[in-house]
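Take a look at the following structure, please.
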Amino acid sequence: MQNKELSGRLLVLRQPLVNRSVPALTEIDENTLLCQRCQMSIAKKIYYLGSNTFYCPHCLFLGRLTNKDYLWAVPEINAFPKQSAPLVWQGKLTTQQQIVAQKLCLAEQNNQDYLVWAVTGSGKTEMLFLVLEQAIKKQKRIALVAPRVDVCTELYPRLQQAFAQVSIQLLHGQGAHDYHYTQLLVCTVHQLLKFRQAFDVLILDECDSYPYANNVLLHRAVEQAVKSTHTIIYLSATPSSEYQQLIHKNKLAYSILNRRFHGKDLPVPHFYLCSKKNKHQLPVKLVSRLQNLVTTKQRFLLFVDRILQAEQISQFLQKKLPQLEQTFVHSKDPKRQQKVAAFRKGQRQALVTTTVLERGVTFKNIDVIVWQADSQRFDSQSLIQIAGRAGRSSEFSDNKVSFYATTYNKAIDQAIKTIKKLNHA
Amino acid sequence: MRNYCVLCQEAIVPQLTMLQILGISKVQNSSMCCRCRQEFYFIGDKCCQVCGKMDMQPICSDCEKWQQQGYNDYKHQALCVYNESMHDYFKRYKRYGDFSLRKAFQMDLRKMLVDYPEPFIFIPSSQEHLQQRQFDPTVGLFGDLINLTPAFIKMPTKVAQAQKNRQQRLATPQFLQFDHQYNALLTAKQITIVDDIYTTGRTILHAYDCLRAAGFTGVIRSCSLAR
Ligand SMILES: [Zn+2]
Ligand SMILES: [Zn+2]
Ligand SMILES: [Zn+2]
């Protein structure tokens with residue numbers, strides 16, 4: 001009898017297990033090895049540790065694998081209790097949500113993949129409840145995955161509440177978790193490399209975002225973690241060309257959820273052309289706009305394109321507009337979580353931020369301004385996400401979104417056009 | 001042949017000076033792309049005159065304490081500040097064990113070491129770490145650039161230096177021993193000690209004590225990647 005705790009796991013062994021394990025790194029040719037955990041290739045002349053010991057640099061964060069190790073993919077046995085009514089959520093879906101929820105149930109029934117194109121703030125989590133319930137009743141194993149930790153930690157308590165009787169756990173690389181076998185798993189995409197053919201249903205949130213987008217390793221992680229018969233549900237506010245092409249070729253069914261749960265339009269960004277200026281400063285046009293916001297006490301996020309910029313612009317504002325209470329945040333900022341939490345509680349009027357706050361975070365009643373919106377760091381998906389920070393609650397659905405730049409480029413044009421299209425769809 | 005950044009795998013576009021284009025001066029092959037390099041803070045002149053700690057002039061509080069304890073004639077040089085990016089770098093290099101990252105700073109370390117004569121002695125890792133990682137991080141960083149002599153023996157300690165707080169580090173008793181097979185080194189005019197990270201100076205000064213106890217009377221200098 002197999003221990004269910006190990007069910008669906010990919011285990012690393014120091015010794016081979018007859019008929020079960022495979023070598024962790026296998027030879028492609030004389031100079032190259034293939035990692036059986038992450039399916040990436042390894043140049044022997046770079047990644048060695050000494051005589052005849054080679055390692056995989058791609059999945060190091062899960063513990064270093066060398067050519068002396070073995071992997072054992074333990075078969076998934078779906079040892080879950082029978083449940084007749086696992087969903088205890090009492091809320092109601094909008095008509096639009098209801099239609100999508102039913103489409104998802106059908107996709108699960110037929111073991112098909114499905115994409116939900118849901119604008120920011122449309123309530124996509126609630127829309128998943130029906131399909132999750134259906135799969136739980138069938139004793140299926142389910143993973144809810146997102147590229148970034150923040151999204152996972154926001155998702156976890158909501159699912160825990162909605163499915164109070166179902167075993168569930170959260171798994172990500174930050175902080176120690178004791179793994180245990182559960183029917184629902186909320187984790188980062190990276191963590192999927194610890195599983196092999198384990199999940200019947202996999203829900204991939206923010207499938208268009210960093211670091212999942214264009215990352216071969218993470219794509220393989222998803223492919224390997226699901227069973228051969230499965231349903232993958234992709235969620236995105238801004239599907240990349242990868243998915244648009246699949247849709248175009250009729251290889252992926254999809255639905256659009258273009259209304260926010262409060263039913264009002266997405267704020268359409270306004271574009272302001274500025275003349276070229278010193279990049280450590282803001283143009284006069286923008287400064288006087290900020291001055292205005294100070295007077296009206298409207299809180300806002302100011303997006304800039306890089307970490308150094310965030311700090312410099314924050315310093316610049318300190319001098320230029322000392323009455324404006326603001327600070328900077330970026331991915332390398334050790335106080336980031338505290339600053340964001342304080343801002344959410346209403347402290348400070350503004351944050352100067354990089355794309356780190358582009359998605360996943362929700363603030364009430366916030367105007368959004370992007371400086372140097374024509375920077376290469378902002379593609380159209382990123383600009384749409386940023387614009388989506390505004391107008392999240394129904395009382396303040398008309399928050400302003402403004403793009404300031406020295407040129408009007410394709411990304412800006414596409415972002416504005418897409419938002420208009422979604423509003424009229 | 002194309003060069004790829006050891007940290008992010010992006011192709012490196014060499015930025016050549018006029019002299020290099022004309023073939024008058026040699027092209028330096030960097031192992032890091034410009035974007036990754038920008039994340040690190042290279043220590044300039046504005047630093048502690050003794051240990052190289054940034055923005056502490058003329059001498060930092062750590063060194064002041066050591067001088068009060070009688071360490072008046074040692075001097076340390078570090079290449080970079082131990083900032084968030086350096087922390088990430090060491091996490092990948094030492095904790096995850098990505099041996100290929102040893103090359104990231106080689107060009108810069110080579111330049112820094114030009115001013116130091118042989119012999120070089122390195123601070124070794126513990127047996128336990130060596131077994132886990134299957135390489136010595138300090139040897140990885142410096143071993144391709146200079147001849148390193150394994151003249152220090154690390155005696156077993158209970159807690160690794162990296163897991164201690166500042167107070168505990170400063171109070172760590174001697175854990176290095178000079179290997180007397182290398183007594184011939186003790187006649188040199190100068191000995192240079194190399195280590196990966198300089199935190200409080202405790203480790204380097206244990207090495208210093210070791211050399212003095214073994215009878216070395218010459219100049220002692222030390223170098224590290226980070227401070
Ligand atoms: Zn791998
Ligand atoms: Zn790089
Ligand atoms: Zn000092």
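Determine the order of A:E5, A:E358, B:E118 by accessible area, beginning with the largest, at a probe radius of 1.4 Å.
Solvent-accessible surface, decreasing: B:E118, A:E5, A:E358.
Pairs B:K94/B:K158; A:K103/A:K264; A:K4/B:K91: which are spaced more than 30 Å apart, C-alpha to C-alpha?
A:K4/B:K91
On a 19 Å Cα-Cα criterion, which of the cross-link pairs A:K82/A:K138; A:K297/A:K364; A:K335/B:K53 come out too long?
A:K335/B:K53
A further question on this structure: Counting only protein chains, not ligands or nucleic acids, how are A:R14, B:R227 ordered by accessible area (probe 1.4 Å), most first? Could the numbers behind the result be given before it?
Values: A:R14 155, B:R227 25 Å².
These residues rank, largest area first, as A:R14, B:R227.
Output needed for chain A: three equivalent-ellipsoid semi-axes, defined as square roots of 5 times the C-alpha gyration tensor eigenvalues, in descending order, whole Å.
Ellipsoid half-lengths, sorted descending, are 41, 28, 19 Å.
Distances over 11 Å make up what percent of all Cα-Cα pairs in the stretch A:176-218?
Percentage above 11 Å: 73.
Here is a further query. Comparing the chain by itself with all protein chains present, which residues of the stretch A:302-340 are at least 30 Å² less accessible (probe 1.4 Å)?
With the partner chains in place, the stretch A:302-340 has these residues losing at least 30 Å²: A:K332.
Compute the accessible area of each residue in the stretch B:96-130 twice, once for its chain alone and once with every protein chain present, using a 1.4 Å probe on heavy atoms, and list those whose area falls by at least 20 Å².
Listed by number, the residues meeting the 20 Å² cut-off are B:Y96, B:G97, B:D98, B:F99, B:S100, B:R102.
Let me ask something additional. What does the buried accessible surface come to for A and B, summed over both chains, with the probe at 1.4 Å? Round to 100 Å².
1200 Å²
While we're looking at this one, here's another question. Going by a 4.7 Å Cβ-Cβ cut-off, which cysteines of chain A have no partner at all?
That list is A:C105, A:C152, A:C187, A:C207, A:C274.
What does the structure give for A:52-62 when I average, per residue, the other chain Cβ atoms found within 10 Å of the residue Cβ?
Per residue, the average neighbour count from other chains is 3.
Could you rank the peptides B:61-69, A:404-412 by their average count of other C-beta atoms within 10 Å per residue, with the highest value first? Spell out each step's value before the answer.
On the way: B:61-69: 14.6, A:404-412: 16.4.
The peptides rank, most packed first, as A:404-412, B:61-69.
With a 1.4 Å probe and every protein chain kept in, tell me what percent of the accessible surface of the stretch A:139-190 is carbon plus sulfur.
On the stretch A:139-190, the fraction of accessible area on carbon and sulfur atoms equals 46 percent.
Let me ask another. Computing the accessible area with a 1.4 Å probe over protein heavy atoms, can you report the carbon and sulfur percentage for the stretch B:158-227?
Whole-percent figure for carbon plus sulfur exposure: 52.
Enter the per residue convex hull volume of the stretch A:152-211, computed from alpha-carbon coordinates, in Å³ rounded to the nearest integer.
Convex hull of Cα atoms, per residue: 107 Å³.
At a 1.4 Å probe radius, which order do B:R202, B:R221, A:R348 fall into by accessible area, largest first?
The ordering from most to least exposed comes out as A:R348, B:R221, B:R202.
On the accessible surface of the stretch A:5-71, probed at 1.4 Å, how many percent belong to carbon and sulfur atoms?
The nonpolar share, carbon plus sulfur, comes to 51 percent.
Enter the accessible area per residue of the stretch B:66-210 (Å², integer; probe 1.4 Å; all protein chains in place).
Spelled out: the 1.4 Å probe surface of the stretch B:66-210, per residue, equals 49 Å².
Let me ask something else. How many Å² of accessible area per residue for the stretch A:65-205, probe 1.4 Å?
Numbers: 5570 Å² over 141 residues.
Spelled out: the 1.4 Å probe surface of the stretch A:65-205, per residue, equals 40 Å².
Find out how many positive minus negative residues lie around A:S394, taking Lys and Arg as positive, Asp and Glu as negative, among other residues whose Cβ is under 14 Å from that of A:S394.
Numbers: positive: A:R259, A:R260, A:K264, A:K364, A:R392; negative: A:D265, A:E395, A:D398.
So the environment of A:S394 carries a net charge of +2.
Further question: Run the paramagnetic zone check for A:T229: 7 angstrom along Cα to Cβ, then residues of the stretch A:1-34 with backbone nitrogen under 19 Å.
A:8
The values are calculated or read from the model by the stated rules, or taken from the named source; none is laboratory data. Computed from a prediction, not measured in an experiment: that's the story for all the values here. Methodologically, a virtual Cβ is constructed for each residue, glycine included, from the backbone with ideal geometry; neighbour enumeration extends over all protein chains shown. All accessible areas refer to the heavy atoms of the entire protein, side chains included, with ligands and DNA or RNA removed. Shrake-Rupley method; radii C 1.70, N 1.55, O 1.52, S 1.80 Å.
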